[in-house]
1. If I model a spin label as a point 7 Å beyond the Cα along the Cα-Cβ vector, how far apart are those points for Glu209 and Glu91 in nm?
2. Which of the lysines could be linked to Lys201 by a straight reach, that is with a Cα gap under 28 Å, when you skip same-chain ones fewer than 8 residues away?
3. Give the order of Lys83, Lys201 when sorted by the count of other beta carbons within 10 angstrom, beginning with the fewest.
4. Arranged by the count of other C-beta atoms within 10 angstrom, fewest first, what order do Met116, Met77 take?
5. Any lysines with Cα under 17 Å of the Lys10 Cα? List them, leaving off those in the same chain fewer than 8 positions away.
6. Mind giving me the nanometre distance, one decimal, between the label points for Ile199 and Lys10, set 7 Å out from Cα along Cα→Cβ?
7. Stretched out fully, how many nm does the piece from Glu49 to Arg110 gain, at 0.36 nm a residue minus the Cα gap?
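Rule-based calculations on the coordinates, nothing more; no lab input. Every value quoted in this text rests on a predicted model; they were computed, and no experiment measured them. Every residue, glycine among them, receives a Cβ derived from its backbone with ideal geometry; neighbour counts consider all protein chains shown.
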Amino acid sequence: MQGKSDDFRKVIRVFIASPGDLGEERRLFRDIIDEVNRLKAHGMGIQLEPLGWEDTLPGVGRPQGLINKDIIGCDLMVMLLWKRWGAPTGEYSSGFEEECELAKRLYEKRGKPDIMLYFRKIPDNMLVDPGEQLQRVLKFREKIESERKFLYYPYGDKNEWERLFRGHLGRWLDGLTLDDPQTEVIEYQRIRRELENKIQKSMAELETEKQKSQIRDFALKLRQIRDRDG
């Protein structure tokens, strides 16, 4: 299936959610998606599409509400936190919180998006006197740990996260169910092979029938010659 045309790849949307202090990870996110597409996903008949608030089209309405439309359509949600919590959206204390709660509701209702949660290590000197933003991050992490609904991964720096996420994304692709896009591609190939076989069989039958007709014509002409020569 390597090198399959884009026309037959199933698009899988991967959304990244994070406050503004993780710009390096957000840039790496797109590089990793491109790499996994080339080395793995394309060979499975899949096109991973990276999404974030940067990709949301401008429009009329509450800004976070417009971003949420992309989350509703995504298959995997990648969430990261470090020192900042973010700015209020009018309905939640931050865009990250609203995006997280939406993803949780969607998963409980329909089984997707899958969620990957990462916390970047906080510098020790900041833990001595955390400001309001960091306090919210720490409170959220405590909530995650007490509820035991998520398995999150801590990481030290962008390079460690790059290695973690690349591996996690590859394993996530391996774990797609029988209803995943790869099955659709395999089914397409099976149907195409059946049609090709039927066409070849029909062509062979037509060729055989043509040969039979030619033999009949030749026999008729031979009989006519014999009758004439008497």
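1. In this crude spin-label approximation the distance works out to 6.4 nm.
2. Within the straight-line cut-off, Lys201 pairs with Lys4, Lys210, Lys212.
3. Lys201, Lys83
4. Starting with the residue having the fewest Cβ neighbours, the order is Met116, Met77.
5. Cα-Cα hits under 17 Å: Lys40, Lys112.
6. 2.5
7. Here the segment from Glu49 to Arg110 would lengthen by 19.9 nm.
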